[in-house]
Amino acid sequence: MELPVRKTEKPASNKRAVGFVVVVLVHALMFYALTTGLAKTMVDAMLEPLETRVIEEAQEIPEAPPPPPPKFDAPPPVVMDMPDVVITQEAAPVAAITTTKKVAPPPPPPAADVHIPPRSNPRRPNAGAEEIYPAMSKRLGEEGTVVLLLTVSDEGRVTEAKIDQSSGFERLDEAASKEAVRSWRFLPGTRNGKPETMQFRLKVTFSLKG
């Protein structure tokens, strides 16, 4: 009966030994570099002043203006005869419009006032020219007609007598005007039937023949 063969494994101490040797070599190289001044050379190179250069900005060169467009002579205007156009259109007939509107008749004119001038009272006649004829005028032969402008009140009394037209003799004019104010009475003038003060003219004729 055969016994199984057991495989022998490499001890782990070999791997550890190799790693230790590598670490020792790295440290040795670093020590050598420090001692030989390699590190100093690298530091000096890093500490050298940096060189800077100023790059001038490129100036823009203005573009030349474009050349002016070529001049072309304008063509002469073309005149064309326009044809005569006549538009004829018959006017539409206009229908007659008739409106019937009742027009109110105008109002009647106001009634005119009815005036009745003063007049003599037949029941009480006034003195005539023969009764008031001045004696001096008779001896001197003075004759004539005087026109009096009399103002008669609404009671029929003569309130004023003016000489509207002289007889030519002052004595005759004065005799007629004084007698009218002193004693003459008239029926008063009326307006629409109501007594009213009015003026009217009266002739007094002085004559020696009658």
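The values are calculated or read from the model by the stated rules, or taken from the named source; none is laboratory data. Every value quoted in this text rests on a predicted model; they were computed, and no experiment measured them. All Cβ positions, glycine included, derive from the backbone under ideal geometry; neighbour counts span all protein chains shown.
A few comments on the model shown:
- Only one entry of Arg157, Arg191 meets the criterion of being of a type in the set (D, E, K, R) and either farther than 29 Å from Ala111 by Cα or at pLDDT 95 or above (or both), and that entry is Arg157.
- Inside the stretch 155-180, residues that are loosely packed, with under 15 Cβ neighbours inside 10 Å, more than 14 Å from Arg201 (Cβ to Cβ) and not basic (Lys, Arg) make up a count of 5.
Residue by residue, here is whether (1) surrounded by 10 or more Cβ atoms within 10 Å (Cβ to Cβ); (2) modelled with pLDDT of 65 or more; (3) part of a helix (DSSP H, G or I) holds:
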| residue | (1), (2), (3) |
| --- | --- |
| Pro69 | no, yes, no |
| Phe72 | no, no, no |
| Pro77 | no, no, no |
| Val86 | no, no, no |
| Glu90 | no, no, no |
| Val103 | no, yes, no |
| Pro106 | no, yes, no |
| Lys138 | yes, yes, yes |
| Leu148 | yes, yes, no |
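- Close pairs (7 angstrom Cβ cut-off, 6 or more residues apart or separate chains): without any contact (Cβ under 8 Å) to a residue 40 or more places away in the chain and on the phi < 0 side of the Ramachandran plot in the stretch 151-167, basic (Lys, Arg) and in a strand (DSSP E or B) anywhere: Arg157/Arg185; Asp164/Arg201
- When restricted to residues that are surrounded by 10 or more Cβ atoms within 10 Å (Cβ to Cβ) and free of Cβ contacts under 8 Å to residues at least 60 places away in the same chain, the stretch 108-125 contains 1.
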